[in-house]
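The values are calculated or read from the model by the stated rules, or taken from the named source; none is laboratory data. These numbers were taken from a predicted model, which means no experiment stands behind them. Note: ideal-geometry Cβ built from the backbone for every residue, glycine included; neighbour counts use all protein chains shown.
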Amino acid sequence: MKSLAPPLRQIDRTYVLYQSRKLTYFGGCDYFRLSSHPTVLAAIQSGLKKYGLTVAASRKTTGNHPLYEKLEEQLADFFDVPDAVLLSNGYVTNLVVAQTLAGTFSHVLLDERAHASLVDAAVFFDCPIVRFPYRNAVAVTRIVQRIGQQSRPVLLTDGMFSHDGELAPINAYLRVLPRDAAILLDDAHGAGTLGKTGKGTVEQPGVRSNRIIQTISLSKAFGVYGGAVLGQRSLCNRIRERSRFFGGNTPLPLPLVNAALRAVQIVKSDKSLRLRLERNLRYVKGELCRTEFAIADTPSPIISVVPRRSHYSRGKSTPGSFVTRAVLPAVISDLRFRASTAWNSLATWCVLCPNTPVAMGSRLEAS
Ligand SMILES: Cc1ncc(COP(=O)(O)O)c(C=O)c1O
């Protein structure tokens with residue numbers, strides 16, 4: 001199918017097979033490669049043996065299981081929030097929050113580059129939607145002046161934006177939003193990877209506010225599958241009570257919940273994961289800085305590579321090697337590298353451009 005990227009096969013934690021070529025993998029979101037971590041895989045196997053595949057019903061009928069509550073407690077503990085609700089995936093977390101809080105807010109303020117799930121969620125809030133320019137707190141200030149301090153908006157933003165690794169200016173938003181406003185923060189990419197302890201984008205600038213509703217995916221840093229809403233107990237209970245999705249959906253297969261429990265434990269206890277990711281990130285950025293590419297200064301494992309020279313403009317040239325749509329869904333004017341902890345110590349990787357083959361011998365640490 002033309003609309004899909006060509007198939008990509010993971011060979012191991014470092015390499016992929018793409019159109020019959022073995023390439024070093026700088027794509028995807030399995031930042032700690034936990035999807036192939038032996039402990040996580042063992043948890044899936046033992047979970048399958050112990051609990052079977054599916055509960056085959058919603059948690060509001062016969063499908064509840066102590067393991068779901070255990071994972072919710074563990075997520076609330078890891079992210080240091082009052083409560084967490086487990087959902088089937090990261091995409092629906094935002095829809096469920098909006099569905100549950102429909103009619104609560106006067107306006108949705110939507111970052112123009114927000115993830116598709118937030119764009120869809122905006123509609124569920126059932127109030128006027130005002131888009132604002134990318135990560136622009138000044139524009140948000142102007143909108144708040146226009147709609148008035150008495151309004152009650154909800155601002156929808158990614159925490160770490162997946163297309164360039166930039167972070168949302170959450171502190172600035174909190175300063176300019178009316179007192180009763182809330183932020184729906186989609187932290188699919190920041191959860192686990194950002195902050196001293198992996199609590200995500202909120203930990204990066206040291207934000208603490210009960211006005212933030214953080215949503216996460218378990219299929220990125222945690223390497224498993226699923227999603228969760230993190231927030232106040234009242235909101236989580238409201239989701240359990242009122243959300244049509246929560247009430248009408250079969251929850252995650254229990255082997256995955258068992259695996260997610262292990263993955264969260266690993267991310268919590270293995271401090272070396274984030275250190276290695278940081279070291280690899282510094283190394284890749286350092287090497288790329290010496291090339292013709294400009295590298296954005298962000299703390300995130302998504303590296304946006306922008307060519308300094310105009311002849312690499314979008315559409316004119318596409319890179320060879322692993323920098324292809326399948327691995328990095330972009331042309332040379334907008335490349336992204338995703339750092340991970342998986343690279344071998346002697347791996348050599350290269351970005352091949354039409355005129356400037358850039359080869360870098362990497363000393364990236366293996367996990
Ligand atoms: C910013 C963001 N939000 C939500 C999602 C959806 O998460 P999931 O894949 O768990 O449904 C993604 C996924 O790719 C994402 O990048």
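Observations
- Hey, Phe78 more than 16 Å from the ligand (Cβ to nearest atom), more than 19 Å from Gly200 (Cα to Cα), in contact (Cβ under 8 Å) with a residue 12 or more places away in the chain and crowded, with 18+ Cβ neighbours inside 10 Å or not: no
- Taken over the range 84-99, the criterion of being among the aliphatic types (A, V, I, L, M) and within 10 Å of the ligand (Cβ to nearest atom) is satisfied by Leu87, Val92.
- Selection status of Tyr134, of a type in the set (Ser, Thr, Tyr) and closer than 16 Å to Thr250 by Cα: no
- Condition check for Thr215: within 16 Å of the ligand (Cβ to nearest atom), in contact with a helix residue (DSSP H, G or I) (Cβ under 7 Å, 6 or more places away or on another chain), assigned to a strand (DSSP E or B) and closer than 23 Å to Gln265 by Cβ: yes
- Selection status of Leu41, modelled with pLDDT under 95 and more than 16 Å from the ligand (Cβ to nearest atom): no
- Selection from the range 78-113 of residues that are among the hydroxyl-bearing types (Ser, Thr, Tyr), more than 19 Å from the chain's Cα centre (by Cα) and in a loop (DSSP other than H, G, I, E, B): Thr104, Ser106
- Residues satisfying the stated conditions in the range 199-208, i.e. within 16 Å of the ligand (Cβ to nearest atom) and of a type outside the set (S, T, N, Q): Gly200, Val202
- Any hit, the range 61-70, residues being within 12 Å of the ligand (Cβ to nearest atom), more than 24 Å from Arg208 (Cα to Cα), touching a residue at least 40 places away in the same chain (Cβ under 8 Å) and of a type in the set (Ser, Thr, Tyr): no
- Reported count of residues in the range 162-198, each being within 16 Å of the ligand (Cβ to nearest atom), part of a loop (DSSP other than H, G, I, E, B) and in contact (Cβ under 8 Å) with a residue 60 or more places away in the chain, is 12.
- Residues in the range 122-161 that are more than 21 Å from Gly103 (Cβ to Cβ), within 16 Å of the ligand (Cβ to nearest atom) and among the aromatic types (Phe, Trp, Tyr): 2 in all.
- Of the residues making up the range 60-98, those that are closer than 22 Å to Leu156 by Cβ and not acidic (Asp, Glu) number 19.
- Listing of helices (runs of 4 or more DSSP H) fully contained in the range 224-287 that carry 1 or more residues being within 16 Å of the ligand (Cβ to nearest atom): 244-248, 254-269
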